[in-house]
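What follows is one structure encoded as structure tokens, with my remarks underneath.
What follows draws every value from the coordinates through simple rules; no lab data is involved. Keep in mind that this is a model prediction, so the values were computed, not measured. A quick note on method: Cβ atoms are made from the backbone with ideal geometry, for glycine too, and the neighbour counts reach across all protein chains shown.
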Amino acid sequence: MKYTPPARDAVDPQVFGRMPLAAWRDYADLIEGRDWPSIATLNAARPAGMRERFVAQTRELLADGLHYEQRIAERGEIATRERNWHDLFNALIWLRYPGLKRALNARQMAEIAHMGPRQRSRAQCALTHFDEAGVVVALRDPSLLPLWDAHDWHGLFWRERAAWRDGRIQVEVFGHALFEHALTPGQLLVGKALVVAEASPAAAIEACAQAIRAGEVLCDPLELRPLPLAGVPGWHSGNERESFFSEAPCFRPVRAGRNYPAPRAVLALPR
């Protein structure tokens with residue numbers, strides 16, 4: 001079923017105080033205000049040196065015949081629908097993670113050159129999944145990985161609850177569709193994760209950008225690890241109950257024969 005976000009004036013203000021939206025309070029004027037930010041306002045918020053700019057997605061713009069990714073690569077134009085939550089969060093991701101966005105765009109362009117604008121490769125599907133629902137996980141405790149591999153959600157989120165609070169595992173949400181879904185209270189968010197070992201979140205983001213651009217990851221959607229963000233302490237009110245991890249439908253068992261390719265999904269960095 002297609003998700004329909006609430007109208008801007010109907011959003012429950014409490015969602016902005018809970019993760020993942022709570023991590024974006026520095027953009028509160030763009031997200032939480034009564035009025036939608038204009039394209040000019042979004043452009044004024046760009047970090048110094050950002051070449052790309054937001055442009056209103058109009059019929060006239062789309063008449064140029066360019067693919068969405070081509071327009072970004074060749075003109076630096078990010079087509080953005082006004083008064084639209086999905087595109088607003090996409091714009092915010094560009095503002096905070098421009099390097100990661102550029103890496104995805106570069107890979108999409110390479111795939112378009114190979115496949116043509118009307119066909120999609122497995123890599124393009126992986127790139128899109130990550131763009132929409134991606135999370136970057138900085139993992140400092142390798143003992144947590146077997147729990148994740150086995151979809152032992154009770155172990156990963158309940159028995160190892162302290163790991164999510166003491167920095168042994170940290171999540172940076174990247175996919176703009178996740179933020180859109182978070183506008184509805186109680187959503188059981190599930191991210192598609194790339195994991196970086198022994199790194200800070202900032203270093204993990206940079207490592208992922210480099211690996212994506214080099215074609216070392218996101219070559220197939222099956223590389224991505226599902227991560228039910230509803231299990232992270234403090235992210236969903238239900239996870240204060242142990243039974244939540246056996247009751248909530250987002251905590252699915254691992255499929256028979258499902259393996260996550262460690263050399264691509266887990267990227268090693270020096271401390």
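Dipole magnitude for the range 126-268: about 220 debye, using +1 per Lys or Arg Cβ and -1 per Asp or Glu Cβ, origin at the Cα centre.
Charged neighbours of residue 185, selected by a Cβ distance under 14 Å, balance to -1 (K, R count +1; D, E count -1). Report note on the peptides 202-208, 247-253: ranked by the mean count of other C-beta atoms within 10 Å, highest first, their order is 202-208, 247-253. Highest mean packing comes first when the peptides 11-18, 103-110 are listed by Cβ atoms within 10 Å, giving 103-110, 11-18.
For the chain, what does -39500 (n - 2.57) per DSSP helix run (n ≥ 4), summed and divided by total residues, give at 222 nm, in deg cm²/dmol to the nearest 500?
Values: 12 runs with 96 residues, N = 271.
Calculated from helices alone, the mean residue ellipticity at 222 nm is -9500 deg cm²/dmol.
Separation of the range 86-138 from the range 164-192 is 18 Å, based on Cα centroids. Using the Cα centre of the chain as origin and beta-carbon charges of +1 (Lys, Arg) and -1 (Asp, Glu), tell me which of 233, 121, 58 is placed farthest towards the positive end of the dipole. Checking the options against the dipole of the chain, the answer is 121. First select every other residue whose beta carbon is under 12 angstrom from the beta carbon of residue 34; then total the charges, Lys and Arg +1, Asp and Glu -1. Local charge sum for residue 34: -3. Just check the range 8-97 against the gyration tensor rule for me: Cα atoms, a ≥ b ≥ c as the square roots of the eigenvalues, rounded for a/c under 1.5, and otherwise prolate or oblate depending on whether a/b exceeds b/c. Here the range 8-97 falls in the prolate category. Placing +1 on each Lys and Arg Cβ and -1 on each Asp and Glu Cβ, with no other charges, gives the range 1-41 a dipole about its Cα centre of roughly 180 debye.
Sum up the charges of everything whose Cβ sits under 15 Å from the Cβ of residue 144, counting Lys and Arg as +1 and Asp and Glu as -1, but leave residue 144 out. The partial results should precede the final answer.
Values: positive: 140, 159, 161, 165, 168, 225; negative: 141, 149, 152, 160, 166, 198.
Local net charge: 0.
For the chain, with only Lys/Arg (+1) and Asp/Glu (-1) charged at the beta-carbon, what is the dipole magnitude about the Cα centre, in debye rounded to 20?
Numbers: 34 positive and 32 negative charges, 72 e Å.
In total the dipole reaches around 340 debye.
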